[in-house]
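Structure first, commentary second.
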Amino acid sequence: MTNKNLFSSDVCFLVASSSKKSYQKLSQTYSAIEPPTWALLLAQSCRSVDFKVSIIDANAENLTNDEILNRINKINPRILCLVVYGQNVNAGTANMRGAVDITNFLKERKILSPIVFIGSHVQALPLDTLRNEKNIDIVFTNEGVYALRNLLKLDNFSAKELGKIKGIAYRDGEEILINLPEKIVPTERMDIDLPGYAWDLLPFKNKPLDLYRSPMWHAEYDFEKRSPYASLQTSLGCVFKCDFCMINLINRNDSEEIGVAAKYSNMRFWSPDFIIKEFDKLIGMGVTTIRIVDEMFLLNPKYYVPLCEKLAERNKNDELRMWSYSRIDTVKRPEILKLVRKAGIKWLCLGIESGDKSVRLEVAKGKFEDVDVREVIKKVHEADIDVMANYIYGLPGDNHETIKKTFNLSLELCTLGWNTYAAMALPGSQLYKNAVQKKYKLPENYEGYSFHSYETQPLPTETLKPEEILEYRDKSYINYHTYKPFLEKIEKKFGKKALANIKDMTKVNLKRKILGHTQ
């Protein structure tokens with residue numbers, strides 16, 4: 001038995017950082033610093049049932065290992081929970097490096113709290129993670145809401161007691177065990193069991209959320225508009241089953257050794273009345289630069305229309321600067337785009353993926369209506385909404401001709417935001433399972449799963465080598481951001497300061513191991 005009163009916190013959520021390795025020199029100035037959305041949700045969830053919680057965001061505060069240790073010793077938590085997600089879909093695995101490093105450091109210092117991990121990587125590979133990382137005690141196999149609450153109810157964390165907790169994998173001496181799956185929070189319980197964000201637990205310098213910064217494009221390529229910055233979700237999960245994506249691991253409901261996100265396609269929603277209160281909190285704190293994290297915000301009108309109407313009422317002076325994701329086939333109606341713009345959503349992040357129809361339809365699984373991409377982008381621009389266009393090089397079926405076709409399409413669309421990644425076998429995606437079966441070379445370490453790192457190891461296609469794909473991607477990045485029509489549009493829309501910042505950004509050259517670069 002443990003006297004719970006001896007601990008000042010039942011659970012401390014620790015957010016570690018790997019951005020310096022994951023983003024190379026881009027991390028110094030250009031990469032975003034995201035609020036830890038899931039740490040905030042879990043903290044508020046635990047508080048709502050009377051557990052004592054705390055958050056250490058070592059990423060935002062740029063804390064040293066010793067500083068983290070001192071904080072933990074002062075907080076003295078019963079459980080230390082590392083929350084390992086990130087601002088991009090791949091970051092759950094890429095950010096494992098920093099999380100594992102601090103875990104090893106803390107264990108060497110004989111920290112007594114059991115260390116538990118939650119995040120996409122451990123959801124995909126729970127047993128593999130525990131086998132490889134000897135200092136992690138417990139991992140959650142899905143979103144962890146109910147598993148964490150039940151864990152905190154235990155009087156001790158013996159293997160016998162841990163065996164009673166659904167939704168975890170853990171150690172019993174040298175043996176690694178995985179329990180039965182735990183359910184996820186259903187839509188009808190979202191407002192109750194995930195009741196908002198513990199914004200008050202986040203660190204800040206002068207005002208709330210000023211240690212966080214948006215992506216450059218979200219802030220119109222202006223450093224001064226990047227902070228304060230917040231991100232929140234109005235829904236969880238996605239109904240689609242794209243081969244390259246692992247986002248639905250959060251919904252996992254089985255105990256297989258390798259989780260594949262496509263098996264867990266499900267979407268859950270908070271009520272618009274509940275979510276608008278979270279927006280009101282942020283607006284009340286002076287935060288107007290906001291990311292809506294949902295994978296499919298503009299999918300279900302039942303939820304997004306009333307929310308956008310409520311946001312429009314609060315955006316009379318057009319002060320909100322927000323962005324959200326959407327699929328290219330869900331934003332065709334001008335009246336919807338008009339409402340979205342009134343709500344303060346000034347950017348849509350659209351997954352175009354490929355300029356080749358056959359490649360695009362092969363990987364975008366689920367109900368997908370093929371559309372005229374050019375016409376959709378035209379309608380979005382006509383609604384005074386800017387586009388961050390996402391493309392992927394190296395999808396199954398890609399060859400020299402199709403990736404060139406994709407880049408040429410991006411030049412033609414000439415959106416004010418441009419992201420292109422080399423296809424990666426992200427743990428939890430169907431591409432990962434396929435790569436294991438085909439014995440493709442996978443990254444040798446966590447950093448290798450970062451799109452921007454020195455260690456990046458993309459997938460091959462039948463006709464393209466990984467290094468060919470990555471080299472073309474990196475050259476495309478420079479070629480697009482120095483493309484004269486793009487720069488002219490940037491200057492016209494955002495001014496000379498934005499133009500100068502983009503020119504400076506293109507001077508940062510990423511080093512790549514598989515291209516023979518030296519660091």
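The values are calculated or read from the model by the stated rules, or taken from the named source; none is laboratory data. Because the structure is predicted, anything quoted here is derived from the model rather than measured. With ideal geometry, Cβ positions are generated from the backbone for all residues, glycine too; neighbour counts draw on all protein chains shown. Areas reflect the complete protein model, heavy atoms only, side chains present, ligands, DNA and RNA absent. Shrake-Rupley method; radii C 1.70, N 1.55, O 1.52, S 1.80 Å.
Divide the volume of the convex hull of the Cα atoms of segment 388-519 by its number of residues and quote the answer in cubic angstrom per residue.
It is 114 Å³ per residue.
Run the lone-cysteine check on the chain: no other Cys C-beta under 4.7 Å from the residue's C-beta.
By the Cβ distance rule, which asks for a partner under 4.7 Å, the isolated cysteines are CYS12, CYS46, CYS81, CYS238, CYS308, CYS349, CYS414.
Solvent-accessible area per residue for the chain at a 1.4 Å probe radius, Å²? Provide the component values of the computation, followed by the final result.
Working: 21080 Å² over 519 residues.
Dividing the accessible area of the chain by its residue count gives 41 Å².
Run the reach check for LYS465 against aspartates and glutamates, Cα to Cα strictly under 13 Å, same-chain hits fewer than 8 apart removed. What comes back?
Of all the aspartates and glutamates, those that pass the test against LYS465 - Cα under 13 Å, at least 8 places apart if same chain - are ASP398.
Estimate the FRET efficiency between LYS439 and ASP200 by the formula 1/(1 + (r/R0)^6), using the beta-carbon distance for r and 56 Å for R0, to the nearest 0.05.
The pair LYS439/ASP200 has a calculated efficiency of 0.70.
Which order, highest average first, do 205-212, 161-168, 287-294 follow once you tally other Cβ atoms within 10 Å for each residue and take the mean per peptide?
Ranked from most to least packed, the peptides come out as 287-294, 161-168, 205-212.
Determine which lysines satisfy two conditions relative to LYS205: a Cα distance under 21 Å, and not lying fewer than 8 residues away in the same chain.
Result set, ordered by chain and number: LYS74, LYS225, LYS281.
In this model, which of LYS379/LYS405; LYS183/LYS346; LYS241/LYS310; LYS346/LYS405; LYS107/LYS511; LYS405/LYS475 are farther than 24 Å apart at the alpha-carbon?
Result: LYS183/LYS346; LYS241/LYS310; LYS346/LYS405; LYS107/LYS511 exceed 24 Å.
Rounded to the nearest whole Å³, what is the per residue volume of the convex hull around the Cα atoms of segment 303-350?
Spelled out: Cα convex hull of segment 303-350, divided by residues, is 65 Å³.
Could you state the orientation-averaged shadow area of the convex hull built on the Cα atoms of segment 166-296, in nm² to one decimal?
Mean projected area of the Cα convex hull: 11.0 nm².
Using a 1.4 Å probe over the heavy atoms of the protein chains, calculate the carbon and sulfur portion of the accessible area of segment 433-499 as a whole percent.
51
Please list, ordered by chain and number, the residues whose modelled amide H lies under 5 Å from the amide H of ARG321; skip anything fewer than 5 residues away on the same chain.
The answer is THR289, ILE290.
Provide the per-residue ³J(HN,Hα) series for segment 136-146, in order, calculated from phi with Karplus coefficients 6.51, -1.76, 1.60 and θ = phi - 60°, each as a whole number of Hz, with x at glycine and proline positions.
8, 8, 9, 10, 8, 9, 8, 4, x, 4, 6
Excluding same-chain residues fewer than 8 positions from LYS378, which aspartates and glutamates have a Cα within less than 12 Å of its Cα?
ASP386, GLU412
Between ASP329 and ASP222, 0.36 nm times their residue separation minus their Cα-Cα distance comes to what? Walk me through the numbers on the way to the answer.
Details: separation 107, 0.36 × 107 = 38.52 nm, distance 3.03 nm.
Additional length available on full extension: 35.5 nm.
Taking only DSSP H segments of four or more residues, each worth -39500 (n - 2.57), what value at 222 nm results for the chain once the sum is divided by all its residues, to the nearest 500 deg cm²/dmol?
Helix contribution divided over all residues of the chain: -10500 deg cm²/dmol.
I'd like the carbon and sulfur percentage of the solvent accessible area for segment 118-241, probe radius 1.4 Å, heavy atoms only, ligands and nucleic acids excluded.
The nonpolar share, carbon plus sulfur, comes to 49 percent.
Return the long-range amide H neighbours of TYR421 (sequence gap of 5 or more, or a different chain), with a cut-off of under 5 Å between placed amide H atoms.
TYR391, ILE392, TYR393
Dividing the convex hull volume of the alpha carbon atoms of the chain by its residue count, what do you get in Å³ per residue?
It is 141 Å³ per residue.
List, in order, the whole-Hz ³J(HN,Hα) value for each residue of segment 471-477 obtained from phi through the Karplus relation with A = 6.51, B = -1.76, C = 1.60 and θ = phi - 60°; use x for Gly and Pro.
4, 5, 4, 5, 5, 4, 4
Charges at C-beta only: +1 for Lys and Arg, -1 for Asp and Glu. How large is the resulting dipole of the chain about its Cα centre, in Debye rounded to 20? Kindly include the intermediate steps, with their values, before the conclusion.
Values: 74 positive and 66 negative charges, 132 e Å.
Its charge dipole is roughly 640 debye.
How would you order 187-199, 36-48 from highest to lowest mean count of nearby Cβ atoms within 10 Å?
Ranking the peptides 187-199, 36-48 by packing returns 36-48, 187-199.
Among 473-482, 266-275, 169-178, 348-357, how do they line up from the highest to the lowest mean number of other beta-carbon atoms within 10 Å?
348-357, 266-275, 473-482, 169-178
Where the eigenvalues come from the Cα gyration tensor of segment 272-316, what are the semi-axes √(5λ) of the equivalent ellipsoid, largest first, in whole Å?
Gyration-tensor ellipsoid for segment 272-316: 18, 12, 9 Å.
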